[in-house]
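Data first, discussion second: the structure below is written as structure tokens.
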Protein chains: 2
Amino acid sequence: VTEDSPSPAGRFMAAEIAEQPAVLARQFASQRAEIQEVADFLRNGNHRFVLLAARGTSDHAALYAKYLIETKLGLPVGLASPSTLTAYGSTLDFQHVLWVAVSQSGSSPDLIESTQRASAAGATTLAVTNAPNSPLRAASDLHIDIAGGQETSVAATKTYTAQLQALWLLISAWRGADLGPAEAIPEAVQELLHLPQVEQLADRYRSTDRLVTVGRGFSYPTAREAALKLMETTYLSAQAFSGADLMHGPFAMIEEGAPVIVIAPEGIGGSLLRPVVERLLERNADMCIVGNTRLTEPNKSVAAIPQPPGLDESLSPIVQIVPLQQLALKMALTRHLDPDQPRGLRKVTETH
Amino acid sequence: VTEDSPSPAGRFMAAEIAEQPAVLARQFASQRAEIQEVADFLRNGNHRFVLLAARGTSDHAALYAKYLIETKLGLPVGLASPSTLTAYGSTLDFQHVLWVAVSQSGSSPDLIESTQRASAAGATTLAVTNAPNSPLRAASDLHIDIAGGQETSVAATKTYTAQLQALWLLISAWRGADLGPAEAIPEAVQELLHLPQVEQLADRYRSTDRLVTVGRGFSYPTAREAALKLMETTYLSAQAFSGADLMHGPFAMIEEGAPVIVIAPEGIGGSLLRPVVERLLERNADMCIVGNTRLTEPNKSVAAIPQPPGLDESLSPIVQIVPLQQLALKMALTRHLDPDQPRGLRKVTETH
């Protein structure tokens, strides 16, 4: 399937990427009351610890929620291993635990079973899904519908940003903060939908077989999701690192000229990446900076994808992934692949 | 530096890999009492959650401890993000939290500062280090010395297995279990030190530029650590996945003939990998199975690295990493690289 055939490659992914401003605006309008209700319940509860359970793209939304909860609520957070709870049959003590299962389909057996076990062990359970009638919702005490609408491309895009925004709204409402800043998101996403720099970058990476993405703090989930999107759609080997972890070993494998995408929000996460950017320049990596492009002196050899100014760092993951989704789409098309139907994958993956 | 020069490449890494049976036996003899004391304190405490903080190789030991605590103690566990606690300056509520910092050197600034902040927020803090006089120990309420002895190669080997065994002893003593099964480890490690299969595999991977490792449950930390060791020493792009996560997207990038190392312990983690192995066979991946080599019918195209029989699944990570350390060493030498001194790395990495 090529771009000229009756069923053009990537048409669903392209449409779903472009739909994101509308999805995010609609979610803000229609889901705020439901999210506020869950948040009120949590604010009046006595949860001491949050466990997040998810797989694939949803796992990156869970990682985003982990940073949000740690920095905004100050509660300890863990990413649960569904296999540990289900396969190893542990006896669990989950008093005072809030268990949050994040899933588009709400139908993966290990997630449903681990949620049931968390509930039996004393946790409050919350399902964040794009499937209000799913078995995961039925297994959970609380539910948030991200209202992303039907997603057809196997490569998830709009459901990811819808998950992020729903989690931002939840955690902001939980701590009693103003939800207003989220209203700036749809326009910021719109501005990043059709950047010529992304076309150029897809061309630059035309024959790239391996690529590294780097983030830190709030931009680390974006690095992970971008790497997954690139792997799913272009089949290249894309590895995501936090800036700190990269320095502990993997830095050795960055070759001269190796393509590295650094995702640097304005704010603290961005400034923490400055030493990483300096070492990558010394190594003569082929660098692209997404976000805070002022991290280096203007440099013709460094590609730059800016972000709209003024967005709070905690919101920037919702917009920064968008040009990287576009990059995955364009790179797949350059390689004559159909990102709507990656080889070997189905839309709903069931793991046990 | 080549193998024939006065200072042969990899001589420290080779010696430190070979030293592991002695290190593990010595730790069991000399550190058991200290570990038991910490375990007694924890058993009498009222800790409801465990947070583990670490970077690099130590982070894989922390991941192992996460599975152990979840399956053997039933407590919720999180892997902490040191950057969140330090850089974002969150106000934290860590009552009833046990904070475990795992570090060889005990000197990384972000780990020390985050441990101090966890302590100020109400957590009990435990440092697991190879440096009894380190600032991390000074910052912590409790300490376990893994007694690995000095490690000179930048690529950590004996300190990793010493961390794993110390954490196994701690968690077993905490739940009041028999520590005796650990006595079988040194001999099991010895049996895996000089396998001809590893030499053959290093030859088979001579021109490999990217490679995937897969684990599940207890073998997932081994997949992660093997990938890091390969990246550090051979500079290839090695990606580790849990079997479940691989099916959620990254499977698309496994090419026909792509090298994939599956780490499959006996027991539950191994049996969970059976469907993954089947899909990899369908894809004609170039597979190597470490551990439970009976996961496939005898198949000449599948390389096999067995493990000594009868070891409990929770102990198998301590032995399964050993042939993979050897593989990283041999592959580095094949490529005329010095694994003792990977480019761009120092023994102690300081991140903020």
Classify the stretch B:209-284 as rounded, prolate or oblate from the Cα gyration tensor: take a ≥ b ≥ c as the square roots of its eigenvalues, call it rounded if a/c is under 1.5, otherwise prolate when a/b beats b/c and oblate if not.
-> oblate
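Anything over 19 Å Cα to Cα? Flag those among B:LYS158/B:LYS229; B:LYS158/B:LYS330; A:LYS158/A:LYS347; A:LYS66/A:LYS330, in the order listed. All intermediate terms of the calculation are to be shown ahead of the outcome.
Values: B:LYS158/B:LYS229 13 Å; B:LYS158/B:LYS330 17 Å; A:LYS158/A:LYS347 14 Å; A:LYS66/A:LYS330 31 Å.
As for pairs spanning more than 19 Å Cα to Cα, those are A:LYS66/A:LYS330.
With a 1.4 Å probe and all protein chains left in place, how much of the accessible area of chain A comes from carbon and sulfur atoms, in whole percent?
Numbers: 5590 of 11730 Å².
It is 48 percent, rounded to a whole number.
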Within the stretch A:84-105, the residues whose backbone N lies under 12 Å from a label point placed 7 Å from the Cα of A:LYS347 along the Cα-to-Cβ direction are A:105
Using 1/(1 + (r/R0)^6) with R0 = 22 angstrom and r between the beta carbons of B:SER30 and B:ALA138, what's the FRET efficiency to the nearest 0.05?
-> 0.50
In nm, one decimal, shortest first: how far is the label point of B:LEU179 (7 Å from Cα along Cα to beta carbon) from the matching points in the other copies?
-> 5.4
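Please identify the DSSP H helices in chain B that span no less than 18 Å along the helix axis (Cα) and have a mean Kyte-Doolittle hydropathy of 0.0 or more. Mind showing how you got there, number by number?
On the way: long enough: B:20-43 (30 Å, -0.22); B:158-174 (24 Å, 0.52); B:220-234 (21 Å, -0.37); B:316-334 (28 Å, 1.00).
Going by DSSP H runs, the hits are B:158-174, B:316-334.
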Inter-label distance, nm, simple model (7 Å from Cα along the C-beta direction), A:ALA177/A:ASN299 = 3.2
Expressed in angstrom and rounded, the centroid-to-centroid distance over alpha carbons for the stretch B:25-96 and the stretch B:210-248 is 23
Give the chain B residue with the shortest beta-carbon distance to the rotation axis relating chain B to chain A, plus that distance as a whole number of Å.
-> B:GLY78, 1
Name the long-range amide H neighbours of A:VAL100: under 5 Å, sequence gap of 5 or more, or other chain; modelled H, no Pro or chain starts.
-> A:LEU51, A:LEU52, A:ALA53, A:LEU126
Long-range HN-HN contacts of A:MET287 with modeled amide H, under 5 Å | A:VAL260, A:ALA303
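Beyond 40 Å, how much of the Cα-Cα pair distribution for chain A remains, as a whole percent? Present the calculation step by step, with values, prior to reporting the outcome.
Details: 6325 of 61776 pairs.
Result for the distance tail: 10 percent.
A:GLU187 to A:ALA15: extension gain in nm, 0.36 nm per residue of separation minus the Cα-Cα distance?
Values: separation 172, 0.36 × 172 = 61.92 nm, distance 1.70 nm.
Extra length available between A:GLU187 and A:ALA15 comes to 60.2 nm.
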Between the chain alone and the structure with every protein chain in place, find the residues of the stretch A:311-352 that drop at least 20 Å² of accessible area; heavy atoms, 1.4 Å probe.
-> A:ARG343, A:GLY344, A:LEU345, A:THR349, A:THR351, A:HIS352
At q = 0.09 Å⁻¹, what is the log10 ratio I(q)/I(0) for the protein assembly as shown, with the Debye formula run over Cα points and no solvent?
-> -0.73
Protein-protein interface of the stretch A:199-239, residues with accessible area decrease of at least 50 Å², isolated chain reference, 1.4 Å probe = A:ARG210, A:ARG216, A:MET231, A:SER237, A:GLN239
Sites B:ARG43 and B:GLN95, calculated FRET efficiency, Cβ-Cβ separation with R0 25 Å, nearest 0.05 = 0.85
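Taking only DSSP H segments of four or more residues, each worth -39500 (n - 2.57), what value at 222 nm results for chain B once the sum is divided by all its residues, to the nearest 500 deg cm²/dmol?
On the way: 14 runs with 152 residues, N = 352.
Helices in chain B give a 222 nm mean residue ellipticity of -13000 deg cm²/dmol.
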Given a 1.4 Å probe, how much area per residue of the stretch B:218-352 is accessible, in Å²?
-> 32
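The values are calculated or read from the model by the stated rules, or taken from the named source; none is laboratory data. Just so you know, these numbers come straight off a predicted model, no measurement behind them. Glycine gets a Cβ as well: all are built from the backbone with ideal geometry, and neighbour counts include every protein chain shown. The accessibility values were calculated without ligands, DNA or RNA, using every heavy atom of the protein model including side chains. Shrake-Rupley method; radii C 1.70, N 1.55, O 1.52, S 1.80 Å.
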